[in-house]
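A quick write-up on the structure given underneath.
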Amino acid sequence: RAGELARTVFGHLSSAEACLVRGTYALKRRDAETAISNLREALRLNPGLSAARSRLGAAWLLAGNREAAVTVYAEELTANPGNLEVASRLGWLYREEGRRDEAAPLLKQALEQRPNDPGLLYQLARLYYTRRQLTEALSLAERLITLAPSYRPGRVFLSRLYFRMERLMDARREKLVLARLTSDQLRRPVSSETSNPLLNHQQWLQVVPELY
């Protein structure tokens with residue numbers, strides 16, 4: 001109802017803020033094309049509108065255009081270095097592209113401000129793993145599982161890390177926990193509701209393909 005009310009109130013207005021509202025609700029509906037159109041117009045009308053730039057990056061991700069998302073996020077971070085949402089997302093994208101030296105400071109900066117964020121712990125642990133910094137990766141992965149014991153991607157990663165470090169008993173233990181979590185999930189009724197991962201950082205990681 002809130003979305004319908006916003007569209008009714010702002011639907012015919014052309015201010016930057018009205019475009020931002022329309023773009024935001026299009027993003028919630030996973031309508032990438034409409035979101036991109038409205039958010040780009042918001043930035044044309046007000047180039048300093050940080051929220052529009054952040055959400056435009058999310059809209060480009062939804063549309064499958066990572067290159068455009070990287071460009072928009074980099075522009076936002078240049079304008080607003082303290083934007084932790086954008087720093088974490090750009091860090092993830094840089095890591096995906098193999099730009100590890102650029103990814104590391106962004107993920108570290110975000111984690112310093114959100115030390116208990118499971119998504120950031122996961123991303124930085126994976127980055128350390130690819131740089132063969134296994135001790136650092138393990139510290140973050142174990143912290144992640146302590147904070148989010150049911151987070152299956154974290155369990156998968158931790159099991160792989162234990163195996164890599166030749167801690168075979170620990171690796172087997174994690175596989176048993178994963179099997180139990182999978183069994184519990186299969187018995188749980190499926191919800192018809194879908195979350196919107198694009199405006200909430202911890203939920204946002206649900207749209208990252210590698211997590212499944």
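Some points to look at:
- Scan of segment 127-161 for residues that are among the charged types (D, E, K, R) and in a helix (DSSP H, G or I), ordered by number: E136, E142, R143, R152, R155, R160
- Conditions (1) acidic (D, E); (2) at pLDDT below 95; (3) over 21 Å from the mean Cα position of the chain (by Cα): number failed by E136: (2)
- Some residue of segment 131-145 being among the hydrophobic types (A, V, I, L, M, F, W, C) and farther than 20 Å from L111 by Cα: no
- Within the set L13, L5, the sole residue that is assigned to a loop (DSSP other than H, G, I, E, B), modelled with pLDDT under 90 and open to solvent by 10 Å² or more (accessible area, probe 1.4 Å) turns out to be L13.
- Residue list for segment 153-212, restricted to those being within 20 Å of the chain's Cα centre (by Cα), modelled with pLDDT of 50 or more and open to solvent by less than 50 Å² (accessible area, probe 1.4 Å): P153, G154, R155, F157, L158
The values are calculated or read from the model by the stated rules, or taken from the named source; none is laboratory data. These numbers come from a predicted model, not from an experiment. To get the accessible areas, we keep the full protein, side chains included, count just its heavy atoms, and leave off ligands, DNA and RNA. Shrake-Rupley method; radii C 1.70, N 1.55, O 1.52, S 1.80 Å.
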